[in-house]
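Q: If you scroll down you'll find the structure; I have some questions about it.
The values are calculated or read from the model by the stated rules, or taken from the named source; none is laboratory data. Note that this is a predicted model, so its numbers are computed, not measured. No Cβ is skipped: glycine too gets one built from the backbone with ideal geometry, and neighbour counts run over all protein chains shown. Heads up: the accessible areas ignore ligands, DNA and RNA and are worked out on the full protein's heavy atoms, side chains in. Shrake-Rupley method; radii C 1.70, N 1.55, O 1.52, S 1.80 Å.
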Amino acid sequence: MKLICEKELCTGCGLCAARCPKHCISLVAEELGHLYPSVDQKKCIDCGLCQKACPSLHDTVCLYPSVAYAAWVERRRRL
């Protein structure tokens, strides 16, 4: 795997490095500090798990609760 995703699409989340079974992906800071994945080609087995996990290459579904509850308890001191 030479390239996981295009640099313009990369969010620097590190999910590709976390997903790699051979630990051959490391995040390297560029000149402005943005993190990009760097793949060690000698260790890479081309399994494709990094590309399958990349949120920039796939649409993600976010589920939000339809109802939220909140409460407030105010305790008063008795004199």
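Q: Return a yes/no flag: does segment 60-73 have any residue that is of a type outside the set (Lys, Arg), in contact with a helix residue (DSSP H, G or I) (Cβ under 8 Å, 6 or more places away or on another chain) and open to solvent by 40 Å² or more (accessible area, probe 1.4 Å).
A: no
Q: Applying the selection to segment 1-12, what residues are open to solvent by less than 50 Å² (accessible area, probe 1.4 Å) and either assigned to a helix (DSSP H, G or I) or β-branched (Val, Ile, Thr) (or both)?
A: Once the filter is applied, which keeps residues that are open to solvent by less than 50 Å² (accessible area, probe 1.4 Å) and either assigned to a helix (DSSP H, G or I) or β-branched (Val, Ile, Thr) (or both), segment 1-12 yields only 4.
Q: If you scan segment 13-37, which residues turn out to be part of a loop (DSSP other than H, G, I, E, B) and in contact with a strand residue (DSSP E or B) (Cβ under 9 Å, 6 or more places away or on another chain)?
A: Once the filter is applied, which keeps residues that are part of a loop (DSSP other than H, G, I, E, B) and in contact with a strand residue (DSSP E or B) (Cβ under 9 Å, 6 or more places away or on another chain), segment 13-37 yields 13, 14, 20, 24, 30.
Q: Hey, among 62, 24, 50, which residue is on the phi < 0 side of the Ramachandran plot and at pLDDT below 90?
A: 62
Q: Could you look through segment 38-59, keep only residues that are part of a helix (DSSP H, G or I) and out of contact with any strand residue (DSSP E or B) (no Cβ under 7 Å at 6 or more places or on another chain), and pick out the one that is surrounded by the fewest Cβ atoms within 10 Å (Cβ to Cβ)?
A: 52
Q: While we're on this one: Could you list, in sequence order, all residues of segment 13-37 that are open to solvent by less than 50 Å² (accessible area, probe 1.4 Å) and under 16 Å from residue 51 (Cβ atoms)?
A: 14, 16, 17, 20, 24, 25, 36, 37
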